[in-house]
Amino acid sequence: MRIDESIEYDFAAIEERWQTIWRDDSRYACQEDPARPKYYLLEMFPYPSGRIHMGHVRNYTIGDVIARYQRMRGANVLHPMGWDAFGLPAENAAVKHRTHPAAWTYDNIDYMRRQLKRMGFSYDWGRELATCDRDYYRWEQGLFIELFKRGLIYRKQTTVNWCEPCQTVLANEQVDNGLCWRCDTKVLPREMNGWFFKITDYAEELLAELDRLPGWPEKVRNMQRNWIGKSTGALIDFPVEGQSQPLTIFTTRPDTIFGATFMSVAPEHPLVEALGQKNGQAQAVRAFAEETKNARQRANYEDVLDKAGVFTGGYALNPFTGERLPIYAANFVLMEYGTGAVMAVPAHDQRDYEFATKYGLPVKQVIRPLTDAPPADAAYEGPGVLVASGKFTGLESEAAKAAIIGQAEAKGFGKAQITFRLRDWGVSRQRYWGTPIPMLECERCGVQPVPLSELPVTLPTEVEFDASGKSPLHTLQSFYQTTCPVCGGPARRETDTLDTFVESSWYFARYTSPKFAGGMVEPGAARYWLPVDQYIGGVEHAILHLLYARFFTKAMRDVGYLAIDEPFTNLLTQGMVIKDGTKMSKSKGNVVDPDTLVRQYGADTVRLFSLFAAPPERDLEWSDQGVEGASRFLTRLYRLALSLGPADGQPPPSGLDPASRLVRRKTHQTIQKFSADIENNFHFNTCISTVMELINTLTGQEPIHPAVAGEAIDTVIKLLSPMTPHLAAELWQRRGHQGQLDREPWPVSDPQLAQEEEATIVIQINGKVRSRLQAPVGADPEAVKALALADERAAKYLEGRTVRKLIVVPDKLVNIVV
């Protein structure tokens with residue numbers, strides 16, 4: 001088939017033309033329509049840092065393909081975009097460029113919006129929101145007050161994770177290997193007041209609901225399961241010599257209690273100071289506590305600290321045996337986990353074994369493995385049969401756990417208990433550019449919420465930033481001086497702002513009614529659109545954003561704002577874009593600018609490459625040659641489609657020649673595979689490969705009936721339209737079709753036309769493949785037997801031998817037993 005190579009593919013003019021058309025007729029605006037199935041497609045919204053990068057391009061192209069595909073499948077698609085606009089970089093920019101964070105933020109939003117529109121993404125821009133807009137965060141402040149009244153928000157003094165360069169507190173989830181998730185600086189402990197969301201009230205539900213999210217990657221669900229960290233065990237009281245109160249421990253292995261040889265407590269446990277004072281160890285335990293406090297990082301201290309401790313001078317008594325157990329302050333025990341104290345069983349806990357070996361403490365085996373002998377130089381941590389355990393000797397571990405807990409309960413020194421690793425979410429941040437916390441404090445009336453009628457509490461605009469990075473709110477009297485709503489006396493407004501993860505924990509719900517002035521969401525719109533059908537973003541948000549959004553959904557449900565339990569039905573975690581073996585970043589000098597690529601090759605080429613280079617869940621290795629290849633393919637397609645001339649609207653006739661039948665069969669097979677690869681796993685790379693194969697088949701055959709060639713090229717245009725929407729829309733119109741392509745239905749394959757005319761049948765003789773033959777699909781089994789027996793390659797294995805049995809599997813196999 002001849003292609004007119006003189007045809008010019010002017011991608012810049014084509015893309016500008018169609019973006020103008022889509023903008024002018026609000027093509028992708030949507031409204032609730034109960035008569036149509038809805039599909040809510042959402043990618044994690046960006047921080048307006050100034051420029052989009054190739055990670056954005058890949059993420060949003062994946063989402064746009066799904067949104068466009070679902071529209072052509074007849075769904076009423078909500079595909080919004082907005083801006084996660086609060087955050088530290090805006091304050092840093094304010095200091096560096098002597099500007100206001102709001103000005104910097106909104107300038108960046110304007111620029112990035114233009115970039116996204118230049119990519120042809122099919123967003124409903126009428127729903128655009130920015131979390132720094134007072135009309136957004138006013139509702140967040142209202143929810144804060146509602147949750148405070150319900151006891152789900154509280155303030156307390158605690159040891160927090162402090163980042164000195166960022167001049168703010170970090171949540172446990174924001175500490176990565178002891179470093180700040182933003183600036184990679186070492187995080188330090190600091191005592192201060194802060195506000196907390198009581199996410200632990202939802203720990204059980206957050207854990208259980210993970211099993212009802214089959215559309216999420218198992219990796220993400222396991223990460224959340226481990227972070228929530230449910231443990232089932234027992235609380236047991238150990239009397240302490242010379243103390244009126246016992247030392248209460250939590251253990252998941254009560255079956256090992258007869259093997260306890262010492263006690264480990266958190267250095268900050270109040271008993272440590274009391275025992276140190278009483279036993280002449282005060283100076284030692286204080287020094288150890290201070291050393292541990294400085295070394296420990298909340299999120300992952302177990303991985304980064306060598307096991308260390310100091311003897312407090314005190315002893316506890318095992319309530320089952322009466323044995324005296326020395327009490328150690330140990331750096332691997334946290335006050336926030338369990339009770340801040342554990343019984344140490346070095347024979348059956350590796351951490352305790354290492355500690356006991358280091359400090360010369362006894363190791364006492366009380367669990368015998370069911371099969372192999374216990375290790376000689378390590379702890380045996382598995383189940384088994386109890387030994388040296390009093391009346392419980394001989395019981396298997398699970399039975400022993402229940403019996404030991406039962407005796408503790410009967411004698412009043414223990415009970416069954418469930419604990420969680422999850423901690424409450426600390427949301428106070430000592431920054432300016434964030435949502436003001438709507439609380440105040442009066443000397444007479446204490447902590448009080450701001451009256452709802454005074455919301456939103458807005459950020460003052462006349463502020464100055466200095467190089468220290470400290471928030472100006474803390475010293476701005478015009479902001480923090482206010483009046484108590486209870487007594488009318490003077491009060492001090494809260495000067496901390498909310499963690500920016502709060503804004504991103506409910507934005508998906510606000511998109512359903514972003515201009516609603518009566519509350520967080522308009523109930524009818526929320527019921528229609530939620531939950532999000534497909535959410536797309538990076539796996540790095542598994543424990544931060546995704547866990548917080550699940551918590552917020554449940555809290556908003558319980559307040560009465562939402563009618564769903566989970567925010568996202570399906571989750572796709574796309575891989576990173578890497579170049580030269582590492583993630584693209586300015587510091588590494590390997591960034592590729594999307595604007596430069598769009599100017600040189602066009603948005604459709606950039607979109608196509610980002611889809612073709614790797615499956616969505618895998619990392620994409622950048623390739624300049626790959627971009628060139630995508631550009632050549634689209635140019636070839638454009639010339640091929642226009643070389644065929646306009647479509648005449650006539651279907652292919654019957655009685656086609658073999659070449660035309662081959663192309664038509666390939667066309668319908670392509671529809672089948674392309675659609676299946678989108679529906680099943682979003683493997684757009686194999687979708688594109690399938691289309692390329694069809695084009696190669698079309699151009700490699702002569703002659704082809706014009707109606708068959710037209711059907712094939714129109715199928716290609718439709719299939720690629722979600723991926724390369726500008727090119728497809730242009731070709732659809734240039735080929736003479738009426739109406740807009742993105743309002744056309746998705747192509748449907750005819751199974752009969754997709755069926756192969758011939759099947760390749762394997763010939764096996766005594767179970768070994770000896771030959772293959774071609775036969776018409778659905779051929780009579782007797783005719784297939786005859787062909788197999790007459791096959792030349794098979795015949796030499798049959799010479800002089802008797803055929804005992806001959807089995808035909810239609811269209812697949814002939815098995816001959818001789």
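The values are calculated or read from the model by the stated rules, or taken from the named source; none is laboratory data. All figures in this text were calculated on a predicted structure; none of them were measured in a lab. Cβ: placed from backbone, ideal geometry, glycine included. Neighbour counts: every protein chain shown. Heavy atoms of the whole protein, side chains included, go into the accessibility calculation; ligands, DNA and RNA do not. Shrake-Rupley method; radii C 1.70, N 1.55, O 1.52, S 1.80 Å.
Quick one: how many residues across segment 49-95 are at pLDDT 95 or above, among the acidic types (Asp, Glu) and crowded, with 23+ Cβ neighbours inside 10 Å?
Number satisfying all stated conditions: 1.
Take segment 102-136 and flag every residue that is hydrophobic (A, V, I, L, M, F, W, C) and either at pLDDT below 95 or in a helix (DSSP H, G or I) (or both). Before the answer, list the steps.
First, pick out the residues of segment 102-136 that are hydrophobic (A, V, I, L, M, F, W, C): 102-104, 109, 112, 116, 119, 121, 125, 129-130, 132.
Result: ALA102, ALA103, TRP104, ILE109, MET112, LEU116, TRP125.
Identify all residues within segment 179-221 that are part of a strand (DSSP E or B) and in contact with a Gly (Cβ under 9 Å, 6 or more places away or on another chain); write none if there are none. Can you show your working first?
To start, the set of residues in segment 179-221 that are part of a strand (DSSP E or B) comprises 179-180, 186, 188-197, 215.
Hits for segment 179-221 are LYS186, GLY194, TRP195, PHE196, PHE197.
Between residues in segment 279-298 that are under 12 Å from GLU268 (Cα atoms) and residues that are modelled with pLDDT of 90 or more and surrounded by fewer than 20 Cβ atoms within 10 Å (Cβ to Cβ), which pairs lie under 7 Å by C-beta distance while being six or more apart or on different chains?
Between residues of segment 279-298 that are under 12 Å from GLU268 (Cα atoms) and residues that are modelled with pLDDT of 90 or more and surrounded by fewer than 20 Cβ atoms within 10 Å (Cβ to Cβ), the close pairs are VAL285/GLU273; ALA289/GLU268.
Determine, yes or no, whether GLY242 is more than 17 Å from GLU398 (Cα to Cα) and either assigned to a helix (DSSP H, G or I) or not hydroxyl-bearing (Ser, Thr, Tyr) (or both). Break it down stepwise before answering.
On the way: more than 17 Å from GLU398 (Cα to Cα): yes; either assigned to a helix (DSSP H, G or I) or not hydroxyl-bearing (Ser, Thr, Tyr) (or both): yes.
Judged against the criteria, GLY242 is a match.
Taking segment 1-31 as the search range and keeping residues that are touching a Leu at 6+ places or on another chain (Cβ under 6 Å) and of a type in the set (Val, Ile, Thr), which one is surrounded by the most Cβ atoms within 10 Å (Cβ to Cβ)? Steps first, please.
So in segment 1-31, the residues touching a Leu at 6+ places or on another chain (Cβ under 6 Å) come out as 3, 7, 30.
Right, trim to of a type in the set (Val, Ile, Thr) and you get 3, 7.
Numbers: ILE3: 16, ILE7: 14.
This residue is ILE3.
What are the residues in segment 753-784 that are under 15 Å from ASP811 (Cβ atoms), out of contact with any Asp or Glu (no Cβ under 6 Å at 6 or more places or on another chain) and loosely packed, with under 13 Cβ neighbours inside 10 Å, if any?
Correct list: GLU756, GLU757, GLU758, THR760, GLY778, ASP780, GLU782, ALA783.
Out of (1) modelled with pLDDT of 95 or more; (2) open to solvent by 30 Å² or more (accessible area, probe 1.4 Å), what's the single condition that is false for THR256?
For THR256, the failing item is (2).
How many of the residues making up segment 714-749 are farther than 25 Å from TYR601 by Cβ and among the basic types (Lys, Arg)?
Matching residues across segment 714-749 total 1.
Check GLU503, GLU494 and return the single one that is within 21 Å of the chain's Cα centre (by Cα) and within 30 Å of GLU462 (Cα to Cα). Break it down stepwise before answering.
Working: GLU494 fails: within 21 Å of the chain's Cα centre (by Cα).
Answer to the check: GLU503.
I'm trying to understand the selection: among the residues of segment 629-662, which are touching a residue at least 24 places away in the same chain (Cβ under 8 Å) and among the charged types (D, E, K, R)?
ARG636, ARG639, ASP648, ASP657, ARG661
Is it the case that segment 432-444 has a residue that's more than 42 Å from the chain's Cα centre (by Cα) and in a helix (DSSP H, G or I)? If you could, list the steps in order and put the result at the bottom.
Here is the first cut: in segment 432-444, the residues more than 42 Å from the chain's Cα centre (by Cα) are 443-444.
Retained after the next criterion (residues that are in a helix (DSSP H, G or I)): none.
Scanning segment 432-444, I find no residue that is more than 42 Å from the chain's Cα centre (by Cα) and in a helix (DSSP H, G or I), so the answer is no.
Matching residues to (1) within 30 Å of TRP425 (Cα to Cα); (2) within 37 Å of the chain's Cα centre (by Cα); (3) in a strand (DSSP E or B):
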site	(1), (2), (3)
LEU334	yes, yes, no
TYR337	yes, yes, no
ALA347	no, no, no
GLU354	no, yes, no
THR371	no, no, no
ALA376	no, no, no
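Enumerate the pairs (first residue in segment 604-624 and in contact (Cβ under 8 Å) with a residue 12 or more places away in the chain and hydroxyl-bearing (Ser, Thr, Tyr); second residue anywhere and open to solvent by 10 Å² or more (accessible area, probe 1.4 Å) and assigned to a strand (DSSP E or B)) with beta-carbon separation below 8 Å, excluding pairs fewer than 6 apart on the same chain, so at least 6 apart or on different chains.
Filtered contacts from segment 604-624: SER610/VAL577.
Scanning segment 467-478 for residues that are in a loop (DSSP other than H, G, I, E, B) and farther than 13 Å from PRO101 by Cα, which turns out most open to solvent (accessible area, probe 1.4 Å)? Give the steps one after another, and end with the answer.
Taking segment 467-478 first, the residues in a loop (DSSP other than H, G, I, E, B) are 467-471, 476.
If we keep only those that are farther than 13 Å from PRO101 by Cα too, we end up with 467-468, 470, 476.
Details: ALA467: 97, SER468: 58, LYS470: 122, LEU476: 40 Å².
So, considering only residues that are in a loop (DSSP other than H, G, I, E, B) and farther than 13 Å from PRO101 by Cα, the one most open to solvent (accessible area, probe 1.4 Å) is LYS470.
Of the numbered conditions (1) surrounded by fewer than 17 Cβ atoms within 10 Å (Cβ to Cβ); (2) under 22 Å from GLU268 (Cα atoms); (3) touching a residue at least 60 places away in the same chain (Cβ under 8 Å), GLU191 satisfies every one except a single condition; which is it?
(3)
Search segment 541-579 for residues being touching a strand residue (DSSP E or B) at 6+ places or on another chain (Cβ under 9 Å) and charged (D, E, K, R), and hand back the single one that is surrounded by the most Cβ atoms within 10 Å (Cβ to Cβ).
ARG550
May I ask you to list the residues in segment 385-396 that are surrounded by 12 or more Cβ atoms within 10 Å (Cβ to Cβ) and closer than 15 Å to ILE257 by Cβ?
LEU386, VAL387, ALA388, SER389, GLY390, PHE392, THR393, LEU395
Assess whether THR670 counts as being assigned to a helix (DSSP H, G or I), within 37 Å of the chain's Cα centre (by Cα) and more than 20 Å from GLN752 (Cβ to Cβ). Write out each step before concluding.
On the way: assigned to a helix (DSSP H, G or I): yes; within 37 Å of the chain's Cα centre (by Cα): yes; more than 20 Å from GLN752 (Cβ to Cβ): no.
No, not satisfied.
Which one of these does PHE612 not meet: (1) surrounded by fewer than 20 Cβ atoms within 10 Å (Cβ to Cβ); (2) modelled with pLDDT of 95 or more?
Condition not satisfied by PHE612: (1).
Name every residue in segment 429-456 that is touching a residue at least 60 places away in the same chain (Cβ under 8 Å) and open to solvent by less than 10 Å² (accessible area, probe 1.4 Å), in order of residue number.
Within segment 429-456, the subset touching a residue at least 60 places away in the same chain (Cβ under 8 Å) is 429-439, 447, 449-450, 452, 455-456.
Hits for segment 429-456 are ARG429, TYR432, GLY434, THR435, PRO436, ILE437, PRO438, MET439, VAL450.
For residues in segment 32-48 being more than 22 Å from MET112 (Cβ to Cβ) and touching a residue at least 24 places away in the same chain (Cβ under 8 Å), which is least open to solvent (accessible area, probe 1.4 Å)? Spell out the reasoning first.
In the first step, residues of segment 32-48 are kept if they are more than 22 Å from MET112 (Cβ to Cβ); the result is 32-40.
Retained after the next criterion (residues that are touching a residue at least 24 places away in the same chain (Cβ under 8 Å)): 32-34, 36-40.
Working: GLU32: 75, ASP33: 51, PRO34: 122, ARG36: 94, PRO37: 86, LYS38: 47, TYR39: 33, TYR40: 0 Å².
Checking each candidate, the answer is TYR40.
Out of LEU662, LEU642, LEU656, I need the residue that is of a type in the set (A, V, I, L, M), open to solvent by 10 Å² or more (accessible area, probe 1.4 Å) and not in a helix (DSSP H, G or I). Which one? Walk me through how you get there before you give the answer.
Numbers: LEU662 fails: not in a helix (DSSP H, G or I); LEU642 fails: not in a helix (DSSP H, G or I).
So the residue among LEU662, LEU642, LEU656 that is of a type in the set (A, V, I, L, M), open to solvent by 10 Å² or more (accessible area, probe 1.4 Å) and not in a helix (DSSP H, G or I) is LEU656.
Given the criterion hydrophobic (A, V, I, L, M, F, W, C) and open to solvent by 50 Å² or more (accessible area, probe 1.4 Å), identify the matching residue among ALA403, ALA379, ALA408, ALA416.
Working: ALA403 fails: open to solvent by 50 Å² or more (accessible area, probe 1.4 Å); ALA379 fails: open to solvent by 50 Å² or more (accessible area, probe 1.4 Å); ALA408 fails: open to solvent by 50 Å² or more (accessible area, probe 1.4 Å).
Within the list ALA403, ALA379, ALA408, ALA416, the selection yields ALA416.
Return the total of residues in segment 247-273 being touching a residue at least 24 places away in the same chain (Cβ under 8 Å) and touching a Gly at 6+ places or on another chain (Cβ under 8 Å). Spell out how you get there, then give the answer.
First, the residues of segment 247-273 that are touching a residue at least 24 places away in the same chain (Cβ under 8 Å): 247-251, 253-269, 271-272.
Keeping just the survivors that are touching a Gly at 6+ places or on another chain (Cβ under 8 Å) gives 249-251, 253-254, 258, 264-266, 268-269, 271.
The number of residues fulfilling the criteria is 12.
For segment 314-325, which residues satisfy the criterion of being open to solvent by 20 Å² or more (accessible area, probe 1.4 Å) and over 27 Å from PHE420 (Cβ atoms)?
If we filter segment 314-325 for residues that are open to solvent by 20 Å² or more (accessible area, probe 1.4 Å), which is where we start, we get 315, 317, 319-324.
Those that are open to solvent by 20 Å² or more (accessible area, probe 1.4 Å) and over 27 Å from PHE420 (Cβ atoms): TYR315, LEU317, THR321, GLY322, GLU323, ARG324.
Kindly state which strands (runs of 3 or more DSSP E) lie completely within segment 726-818 and contain at least 1 residues that are charged (D, E, K, R) and in contact (Cβ under 8 Å) with a residue 24 or more places away in the chain.
Working: elements: 758-765, 768-776, 805-809, 813-817.
Filter on segment 726-818 gives 768-776.
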